[in-house]
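Since the structure comes first, as structure tokens, the remarks are kept for the end.
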Amino acid sequence: MYISIDKAAEVLKGGGIVAIPTETVYGLAANALDEIAVSKVFAAKERPFFDPLIVHISELDELENLAVEIPKNARGLAEKFWPGPLTLVLPKRKNVPDLTTGGLQTVAVRMPKKQIARDIIKLAGFPLAAPSANMFQHLSPTSAEHVLEQLGGRIDGIVDGGVCEVGIESTVIGFEGETPVIYRPGAVTGEMIKDMGYREWGMGGGNPSPGLLDKHYSPGTPLFLGLPSEVPQNSGLLAFGELPANSAAFAKVLNLSERGDATEAAANLYRLLHELDSFGLNRIFAVILPKEGLGNAINDRLSRAGTAKI
Ligand code: AMP
Ligand code: MG
């Protein structure tokens, strides 16, 4: 199942689907311009067709082949944050299949920072549509083992590139005229682009980014956001920083970052959720992070992963 980058490029050229590492999470890649290859990604993930894919490029020049009417601020963001965990939603060119964009007239584009991902794109010779390499609505994979567990028998290969340094999905930004609109929070934060006068799109209510469902990124074990006053039997705790006074009442405690660092927490998020999910717990409780920087992106993922709020 594990294959080299040369083999991966060969499989992709033949219209196959391969899981590849990026700095955000592992992606399930296919030729973004080949409708049949892309359809295999939807089938393997059991992802609904309305949920558009992000197209990955290895050079800034490739953007022109995918998108038109690129706002000045989009170029500015690309120059500043690419390669990196930022996805730009722009009007699409005709050569981008409707299936890739979930029927939208826009295309989401990103240039990943992880060298091995860009090498695979270069070797393949075309942009890669690559949603997270997990079954629809399940936990995103941040290691090759996570991919193997969920998709092993359903795909043509996995390139093992170690762990994902950022650990949560890219920031997704669209535009209203020149104004950036953050559809999905991520490692590129509003604070970093405040000179452009950005807007944030809150959860729910006419979302322009169809895949941002309220249920997403979920472990099998019911997950609750916030701490219970009385800890039910056989509960797990996903902590951040200093442990709460009642932490001894939990059957398992994993800490996103003992020193309370949100960047470290993001890198650990999915790995620790996978781990907590493997213990046969009745419930997982996750603390809410301070609402600043990457804390917002982590809270966003946890609230979608959650069964209920307390
Ligand atoms: P991922 O599941 O990490 O691959 O991210 C894909 C997500 O990016 C989708 O679920 C959408 O929320 C967002 N996205 C992709 N393409 C578009 C688009 N054309 N317009 C708006 N949002 C998009
Ligand atoms: Mg996903």
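The values are calculated or read from the model by the stated rules, or taken from the named source; none is laboratory data. Note that the coordinates shown come from a computational prediction; the quantities given were computed from them, not determined experimentally. Cβ placement follows ideal geometry from the backbone for every residue including glycine, while neighbour counts extend to all protein chains displayed.
Tabulated data
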| item | result |
| --- | --- |
| Positions within the range 73-96 being of a type in the set (Lys, Arg) and more than 29 Å from residue 165 (Cα to Cα), in sequence order | 92, 93, 94 |
| Criterion violated by residue 230 - all others in (1) acidic (Asp, Glu); (2) within 23 Å of residue 130 (Cβ to Cβ); (3) more than 16 Å from ligand 1 (Cβ to nearest atom) satisfied | (2) |
| Given (1) within 12 Å of ligand 1 (Cβ to nearest atom); (2) surrounded by fewer than 21 Cβ atoms within 10 Å (Cβ to Cβ), number of the condition residue 131 does not satisfy | (2) |
| Selection count, the range 83-97, where residues are farther than 15 Å from residue 208 by Cα, in contact with a helix residue (DSSP H, G or I) (Cβ under 8 Å, 6 or more places away or on another chain) and touching a residue at least 60 places away in the same chain (Cβ under 8 Å) | 3 |
| Residues located in the range 10-37, provided they are part of a helix (DSSP H, G or I) and buried (at least 24 other Cβ atoms within 10 Å of the Cβ) | 12, 37 |
| Test: residue in the range 195-202 that is surrounded by 17 or more Cβ atoms within 10 Å (Cβ to Cβ), of a type in the set (Asp, Glu) and within 20 Å of the chain's Cα centre (by Cα) | no |
| Selection status of residue 247, closer than 24 Å to residue 277 by Cα, at pLDDT 95 or above and surrounded by fewer than 19 Cβ atoms within 10 Å (Cβ to Cβ) | yes |
| Residue list for the range 38-60, restricted to those being in a helix (DSSP H, G or I) and within 24 Å of residue 79 (Cα to Cα) | 60 |
| Condition check for residue 162: surrounded by fewer than 19 Cβ atoms within 10 Å (Cβ to Cβ) and at pLDDT 95 or above | yes |
| Residues located in the range 174-185, provided they are in contact with an Asp or Glu (Cβ under 6 Å, 6 or more places away or on another chain) and in contact (Cβ under 8 Å) with a residue 40 or more places away in the chain | 185 |
| Residue tally, condition surrounded by fewer than 22 Cβ atoms within 10 Å (Cβ to Cβ), under 17 Å from residue 26 (Cα atoms) and either over 22 Å from the mean Cα position of the chain (by Cα) or away from ligand 1 (no atom under 13 Å from the Cβ) (or both), over the range 47-83 | 2 |
| Subset of the range 3-30 [more than 16 Å from ligand 2 (Cβ to nearest atom) and touching a Gly at 6+ places or on another chain (Cβ under 7 Å)] | 3, 7, 8, 11, 18 |
| Some residue of the range 220-228 being at pLDDT 95 or above, out of contact with any Phe, Trp or Tyr (no Cβ under 9 Å at 6 or more places or on another chain) and either within 30 Å of residue 50 (Cα to Cα) or among the small types (Gly, Ala, Ser) (or both) | no |
| Residue check, residue 107 touching a Ser or Thr at 6+ places or on another chain (Cβ under 8 Å) and either in a helix (DSSP H, G or I) or more than 16 Å from ligand 2 (Cβ to nearest atom) (or both) | yes |
| Yes/no for residue 206 being farther than 16 Å from residue 132 by Cα, within 13 Å of ligand 1 (Cβ to nearest atom) and modelled with pLDDT of 95 or more | no |
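Yes or no, residue by residue, for (1) of a type in the set (Lys, Arg); (2) within 25 Å of residue 198 (Cα to Cα); (3) within 14 Å of ligand 1 (Cβ to nearest atom); (4) at pLDDT below 95:
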residue: 88; (1), (2), (3), (4): no, yes, yes, no
residue: 91; (1), (2), (3), (4): no, yes, yes, no
residue: 95; (1), (2), (3), (4): no, no, no, no
residue: 117; (1), (2), (3), (4): no, no, yes, no
residue: 124; (1), (2), (3), (4): no, no, no, no
residue: 137; (1), (2), (3), (4): no, no, yes, yes
